[in-house]
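> This is the structure I have questions about; it appears just below.
The values are calculated or read from the model by the stated rules, or taken from the named source; none is laboratory data. Not measured: the values here are computed from a predicted model. Glycine also receives a Cβ, built like all others from the backbone with ideal geometry; neighbour counts cover every protein chain displayed. To get the accessible areas, we keep the full protein, side chains included, count just its heavy atoms, and leave off ligands, DNA and RNA. Shrake-Rupley method; radii C 1.70, N 1.55, O 1.52, S 1.80 Å.
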Amino acid sequence: MKKERETLKGRRRSFLAVITAIIMAFNMLPMSAFATVRTQRNEEITATEELLLSAGDSLSFTYLTGGYHIIYDGDTANQIDVTDSYTIPISGGRYLAKLEGEDKVHLTTVYEVVFETGIWDDSRNSNILIKKQVKRGEKVTPPTENVVLPGHIVTGWNIAGTEEPFDFDTPITSDQWLYVTDAYDQNAERESGIDIRDEFRGTADLENNGITTKEEACDAMYKAVAEELTGESDVDEASLIIGSKFYELTLKVSFDGGVTWEIVSPDNFPADGIWVDLDYPEGTDARTNNFMVAHMFSHNMNGHRAGEVETIVPEKAESGLRFKVTSLSPVLVTWSLAASGISIEPKEVTLKNAGETAQLTSNVTPLGALDKSVTWTSDNTNVATVDATGKVTAVAEGTCTITATTNDGGFTDTAKVTVKFEQVVTEETTESTTEDTTEDTTEDTTEEAPVVVTEPAPRAPKTGENSFAIYAMIFCLMGGIVTVGYSAYARRKK
């Protein structure tokens, strides 16, 4: 009993020694390089999300062993190295905090840009529209028109306390307070007007970007139209463009029903653009021709570089072409022949097997029409289907109509498809007929064949027979063993 107690005590001492060794080894391990970094609001800073810190907040570091580098605005020369537990109070300003790697916290300065209408209420408080948080060195974009003043278009922002307009291309380096200086009601009656000339009026911005003559401007605009229509920038690829006309426009706008007009400049160009109305070029009309307008930006404005070209499909109004431009510019109006009809060949198709195909072709008129593309459809895809090239595939017996529609003008033509499977006829031969024919032929043309007796081939035992033989052999063997054993036992008894 005493010996058992001593053994039990020894086991307890060994267990405690092992536990103590594990604890000591754990304490000797270095702490994880990822310390816990939290804000005063107990929000944990991570490597995937930025947290905004402002006055009154603090940044707490806990369980540090290897140290952390706190870097301001990405400048390693402007950093603080901390070890052990540490707290940084935010006494002023705003920062976005984010972890980087195992030992860095980036604090990026954030500035606030306030947009307001400049309209003061009875309590002398400005009508603030929106506040934006912008990182140091980044640019800010103005709010949209719907946010600014419902139904109004804003054309200018000034810096509060000054008469200076704010430059939205300048990086933000401090808090900004901006107010609306120019806005107009887009629902108010407004008319636009143009003065048209055919000579080229260049600008300094165009010259700086290599456009100095009317020929150079027309070439750039024509290539833009060719690429839009054909996918090729080579002018020769646009041979189906049968005409073009150059316009140099002086745009005007009126807010009093046309009593007074104001020439539009880069400084007062309406943010929503200006509608332009032009007569149809001589020899063209809405039914015969399709049109495309090339519009060249003549100034660096509204996010575009002078010399850039955009293409516009104008509306075909009763009195002429109508389109909108968003910048001062010359335009080039081009035209081509419009589709006027379509025909399908062949007009009728018969298919005899499921999966059998037939090819339909379309002919768009006139021959010089620029857009000859069509859309193919089947009115019963359970009978036959048609793909984008006009190939028809039989599905089941029946009839259906295949229609081709021009994408230009919506002209249509149809073809009838009939699917009727062929009947396969097989010749049946009866057993009795075969037997009779064989008997007659044998009796008439052959002598009785000699009887040949052969020994039957040895028959392979079946699976059941093999198993029975094996079991019989085992039974006999076991019987013999028992008999021998019993005989030996009998002799010993004697």
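> If the Cβ limit is 9 Å and pairs must be 6+ apart or interchain, which residue in the stretch 365-377 that is free of Cβ contacts under 8 Å to residues at least 40 places away in the same chain and under 23 Å from Lys391 (Cβ atoms) pairs with which residue that is surrounded by fewer than 13 Cβ atoms within 10 Å (Cβ to Cβ) and of a type in the set (D, E, K, R)?
Trp376/Asp387
> Take the residues in the stretch 78-95 that are open to solvent by less than 30 Å² (accessible area, probe 1.4 Å) and outside any loop (DSSP other than H, G, I, E, B); name whichever of them is nearest to Glu138 (Cα to Cα).
Per the criteria, the residue is Ile88.
> Right, next: Pick from Asp256, Asp277, Asp267: which is modelled with pLDDT under 90, among the acidic types (Asp, Glu), in a loop (DSSP other than H, G, I, E, B) and within 38 Å of the chain's Cα centre (by Cα)?
Values: Asp256 fails: within 38 Å of the chain's Cα centre (by Cα); Asp277 fails: in a loop (DSSP other than H, G, I, E, B).
Asp267 is the lone residue from the list that is modelled with pLDDT under 90, among the acidic types (Asp, Glu), in a loop (DSSP other than H, G, I, E, B) and within 38 Å of the chain's Cα centre (by Cα).
> If I filter the stretch 269-280 for residues that are in contact with a Phe, Trp or Tyr (Cβ under 7 Å, 6 or more places away or on another chain) and aromatic (Phe, Trp, Tyr), do I get at least one hit?
No, every residue in the stretch 269-280 fails to be in contact with a Phe, Trp or Tyr (Cβ under 7 Å, 6 or more places away or on another chain) and aromatic (Phe, Trp, Tyr).
> Return the pair list, or none, for Cβ contacts closer than 6 Å from residues in the stretch 399-424 that are touching a residue at least 12 places away in the same chain (Cβ under 8 Å) to residues that are among the aromatic types (Phe, Trp, Tyr) and not in a loop (DSSP other than H, G, I, E, B), at least 6 apart or on different chains.
Pairs found: Ala404/Trp376.
Residue by residue, here is whether (1) modelled with pLDDT under 90; (2) surrounded by fewer than 16 Cβ atoms within 10 Å (Cβ to Cβ); (3) among the charged types (D, E, K, R) holds:
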residue: Asn363; (1), (2), (3): no, yes, no
residue: Asp371; (1), (2), (3): yes, no, yes
residue: Trp376; (1), (2), (3): no, no, no
residue: Ala384; (1), (2), (3): no, no, no
residue: Ala388; (1), (2), (3): no, yes, no
residue: Glu397; (1), (2), (3): no, yes, yes
residue: Ile402; (1), (2), (3): no, no, no
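> Considering every residue within the stretch 271-285, establish whether at least one is in contact (Cβ under 8 Å) with a residue 60 or more places away in the chain, closer than 23 Å to Ile211 by Cα, open to solvent by less than 80 Å² (accessible area, probe 1.4 Å) and among the small types (Gly, Ala, Ser).
no
> Do we have any residue at all in the stretch 254-276 that's in contact with a His (Cβ under 8 Å, 6 or more places away or on another chain) and closer than 23 Å to Ala224 by Cα?
no
> Could you check how many residues of the stretch 198-220 are more than 14 Å from Ser329 (Cβ to Cβ) and in a helix (DSSP H, G or I)?
Final tally of qualifying residues: 6.
> Output the residues belonging to the stretch 325-359 that are within 28 Å of Val392 (Cβ to Cβ), polar (S, T, N, Q) and in a strand (DSSP E or B).
Within the stretch 325-359, Ser343, Thr350, Thr357, Gln359 qualify.
> Which of the residues spanning the stretch 388-412 are of a type in the set (D, E, K, R) and closer than 17 Å to Ala338 by Cβ?
The one that is of a type in the set (D, E, K, R) and closer than 17 Å to Ala338 by Cβ: Asp408.
> Please count how many residues of the stretch 96-121 are at pLDDT below 80, surrounded by 15 or more Cβ atoms within 10 Å (Cβ to Cβ) and farther than 29 Å from Pro165 by Cβ.
Within the stretch 96-121, residues that are at pLDDT below 80, surrounded by 15 or more Cβ atoms within 10 Å (Cβ to Cβ) and farther than 29 Å from Pro165 by Cβ number 1.
> Would you mind finding the one in Leu251, Leu332, Leu328 that is in contact with a Ser or Thr (Cβ under 6 Å, 6 or more places away or on another chain) and either surrounded by fewer than 19 Cβ atoms within 10 Å (Cβ to Cβ) or modelled with pLDDT under 90 (or both)? Full working, then the answer.
Values: Leu251 fails: in contact with a Ser or Thr (Cβ under 6 Å, 6 or more places away or on another chain); Leu332 fails: either surrounded by fewer than 19 Cβ atoms within 10 Å (Cβ to Cβ) or modelled with pLDDT under 90 (or both).
Going through Leu251, Leu332, Leu328 in turn, the sole match is Leu328.
> While we're on this one: Any idea how many residues of the stretch 221-241 are open to solvent by less than 30 Å² (accessible area, probe 1.4 Å) and at pLDDT 85 or above? I'd like the intermediate steps shown before the answer.
First, pick out the residues of the stretch 221-241 that are open to solvent by less than 30 Å² (accessible area, probe 1.4 Å): 221, 224-226, 238, 241.
From what is left, the residues that are at pLDDT 85 or above are 221, 224-225.
So the answer is 3.
> Output the qualifying pairs, or none if there are none: Cβ atoms under 8 angstrom, residues six or more apart or on different chains, first residue in the stretch 304-323 and under 25 Å from Glu215 (Cβ atoms), second residue among the small types (Gly, Ala, Ser) and open to solvent by 60 Å² or more (accessible area, probe 1.4 Å).
From residues that are under 25 Å from Glu215 (Cβ atoms), there are no pairs.
> How many residues does the stretch 293-304 contain that are at pLDDT 85 or above and open to solvent by less than 20 Å² (accessible area, probe 1.4 Å)?
Within the stretch 293-304, residues that are at pLDDT 85 or above and open to solvent by less than 20 Å² (accessible area, probe 1.4 Å) number 6.
> Let me ask another. Please verify whether the stretch 54-69 includes one or more residues that are modelled with pLDDT under 75, within 44 Å of the chain's Cα centre (by Cα) and open to solvent by 80 Å² or more (accessible area, probe 1.4 Å).
no
> Within the stretch 308-322, can you find the residues that are part of a strand (DSSP E or B) and surrounded by fewer than 21 Cβ atoms within 10 Å (Cβ to Cβ)? It would help to see each step written out before you state the result.
Going through the stretch 308-322, the residues part of a strand (DSSP E or B) turn out to be 309-312, 315-316, 321-322.
Listed by number, the residues that qualify are Glu310, Thr311, Ile312, Glu315, Lys316, Arg322.
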